[in-house]
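Okay, so here's the structure we're looking at.
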Amino acid sequence: MKEYYNNFMVINYKKVLFVFLPFLLSKFFLNAQIGKSDQSSIYYNWFDSSVNFENTSLFNGVFFNDRYLTINEKHRFFEVPDFLRGSIDYDGQEYFDLSMKYDVHGDEVLVKLKRGYGEITLQLIKSNVHSFTIDNHRFININKKDDNNTSSIHGFHESLLETSIFILLKKHKKNVKRRERNKVVYYEFLSKNEYVLYYNDSYHYVNNKSDFIKVFPKFKKDIDSYYNASRALKRSNKDLFNQTLLRRIFTLLSKEDN
């Protein structure tokens, strides 16, 4: 595998940018009427396609081979087993409009890239992935040990709610189970997600009412009241349940600051 890495030459983006600068400037002025956010995306899409992904750090990854046979919807990936459109901040560069998968079981990001007349699927180097967005879901890469080093919060977490006071994150997890039917071995992946709150420069698990009360003890009555009144929402949509609770807590905390 080391020999595989050595066969690729990663070209410095600044040097390539210098060569293509006249073309980039003309493209910039042609898109002057487009919104800044959309314009940035189109600008980098054009640049990436002009220099070819093989000349970027996206090719600094390993070939992906799925060794698990699945026969139903209980797969290892985020949402669906198909490639989805997304973007990524990888090795200090942003890439847009990619074909991507998030392997929830392995906690890895996969991209499908053109190579010659064909396509390959690469598993990116995890430590180089700062954040990514897939099918409009944003994930950030976290690696944080607690003060006692008894547990850690690490890997890719979906950002569900971001405020000036705290951030609600969701850790998607899928555990694998071996099955056998008619002498055929296959695998099923079962979801077991967790919620994490970044607050006061620390990460806190918030998977139940006791967890929320531990983080916000002065709002115990409000949390109890919300849990009692929102049982149906908790069963049907845990993400929205937690988002709504934390928006209420955010309002209470904001009032204290005024």
Select from the range 199-229 the residues that are among the aromatic types (F, W, Y), over 14 Å from R247 (Cα atoms) and buried (at least 17 other Cβ atoms within 10 Å of the Cβ) and list them in ascending order.
-> Y203
So K220, is it out of contact with any strand residue (DSSP E or B) (no Cβ under 9 Å at 6 or more places or on another chain) and charged (D, E, K, R) = yes
Verdict on L58 being in a helix (DSSP H, G or I) and modelled with pLDDT of 60 or more | yes
Residue match in the range 184-191 (condition: under 18 Å from V104 (Cβ atoms), within 17 Å of the chain's Cα centre (by Cα) and surrounded by fewer than 13 Cβ atoms within 10 Å (Cβ to Cβ)) | yes
Evaluate the following for F189: is it in contact with a Lys or Arg (Cβ under 6 Å, 6 or more places away or on another chain), without any contact (Cβ under 8 Å) to a residue 24 or more places away in the chain and not hydroxyl-bearing (S, T, Y)?
-> no
Can you tell me which residue within the range 61-109, out of those that are more than 21 Å from K192 (Cβ to Cβ) and either assigned to a helix (DSSP H, G or I) or polar (S, T, N, Q) (or both), is modelled with the lowest pLDDT?
-> N65
Which of the residues that make up the range 122-146 are loosely packed, with under 13 Cβ neighbours inside 10 Å and more than 25 Å from K74 (Cβ to Cβ)?
-> S127, N143, K144, K145, D146
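Yes or no, residue by residue, for (1) under 16 Å from the mean Cα position of the chain (by Cα); (2) under 15 Å from D82 (Cα atoms); (3) not polar (S, T, N, Q):
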position: V109; (1), (2), (3): yes, yes, yes
position: G116; (1), (2), (3): no, no, yes
position: I120; (1), (2), (3): no, yes, yes
position: S127; (1), (2), (3): yes, no, no
position: H137; (1), (2), (3): yes, no, yes
Could you check, for the range 135-145, whether at least one of its residues is within 24 Å of K209 (Cα to Cα) and either without any contact (Cβ under 8 Å) to a residue 40 or more places away in the chain or part of a loop (DSSP other than H, G, I, E, B) (or both)?
-> yes
How many residues of the range 149-207 are outside any loop (DSSP other than H, G, I, E, B), within 21 Å of R67 (Cα to Cα) and not aromatic (F, W, Y)? The answer is 13
Of the residues that sit in the range 96-121 and are touching a residue at least 60 places away in the same chain (Cβ under 8 Å) and in contact with a helix residue (DSSP H, G or I) (Cβ under 7 Å, 6 or more places away or on another chain), which one is surrounded by the most Cβ atoms within 10 Å (Cβ to Cβ)?
-> L113
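The values are calculated or read from the model by the stated rules, or taken from the named source; none is laboratory data. In this text the structure is predicted, and so the values were computed from the model without any measurement. Glycine gets a Cβ as well: all are built from the backbone with ideal geometry, and neighbour counts include every protein chain shown.
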